[in-house]
Amino acid sequence: MQVTLAHIGSRAGAKDGYEALVSDYLKRCSPVVRPNVETFRAESALLEWLRKQRGRTEAALLMLDGRGRPMSSEALAEWLRKRRDEGVQHVVFAVGPADGWSPEALAEGKRRGGLLSLGPMTLAHQLARLVVAEQLYRACTILTGHPYHRG
């Protein structure tokens, strides 16, 4: 299964410390999933990219939003396991624009998989991406029985 960490905003620079950490966690996921990162300048570009994704199944989408459902690490791992077992080929985690998702984007997210909350606090985009990357790695270790997660 391919897993894409997408975000709306500018591309991170080579000296961005967050980017190196995100990349490290995603590389650690590669024995379990095929990780990928996508950056979009606007929400509309992300939605268009999602529409163009081809495969046996439509890409599943979890959009980060404060109104979304909070999940434990175990629940996220279970969500991924279910998508994998259903034959979903591509899962996208999306960090939205600074002003939040539009009603159109929220509707698309709800239709394709749902809204995910990292908690009631507002996080900087780079930090939210890092948290998602670490949680993806943690979910992969839960699914494979690796001792990283000691929940």
Using mean Cβ contacts within 10 Å as the protection proxy, how do 127-135, 64-72, 51-59 order, highest first?
127-135, 64-72, 51-59
5 angstrom amide H check on Ser117, placed H, neighbours 5+ away:
Asp65, Gly68, Arg69, Met71
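Using only the Cα atoms of segment 3-151, construct the convex hull and provide its projected area averaged over every direction, in square nanometres to one decimal.
Across all orientations, segment 3-151 yields a mean hull projection of 8.6 nm².
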Give the residue from Val33, Gly119, Ser72 lying farthest towards the positive end of the charge dipole for the chain; charges sit on Cβ (+1 for Lys and Arg, -1 for Asp and Glu) and the dipole is referred to the Cα centre.
Val33
Using 0.36 nm per residue, how much length does the chain from Lys15 to Arg69 gain when fully extended, once their Cα-Cα distance is taken away?
16.1 nm
Pull up the cross-link candidates among the lysines for Lys27, meaning alpha carbon to alpha carbon under 21 Å and not fewer than 8 places away within one chain.
Lys15
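Rank the residues His7, His146, His125 as a footprinting-exposure proxy: fewest other Cβ atoms within 10 Å of their Cβ go first.
Result, fewest neighbours first: His146, His125, His7.
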Applying the Karplus parametrisation 6.51 cos²θ - 1.76 cosθ + 1.60 with θ = phi - 60° to the phi angles of segment 110-116, what ³J(HN,Hα) value in whole Hz is obtained for each residue in order, glycine and proline being reported as x?
5, 5, 8, x, x, 10, 10
Any idea which of Gln53, Ile8, Ala107 is furthest toward the positive side of the dipole for the chain, if Lys and Arg beta-carbons carry +1 and Asp and Glu beta-carbons -1?
Gln53
In debye, nearest 20: dipole of the chain around its Cα centre with unit charges on the Cβ of K, R (+) and D, E (-)?
380 debye
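Throughout, read-outs are computed from the coordinates displayed, never taken from laboratory work. Since the model is a prediction, treat every value here as computed from it, not as a measurement. A quick note on method: Cβ atoms are made from the backbone with ideal geometry, for glycine too, and the neighbour counts reach across all protein chains shown.
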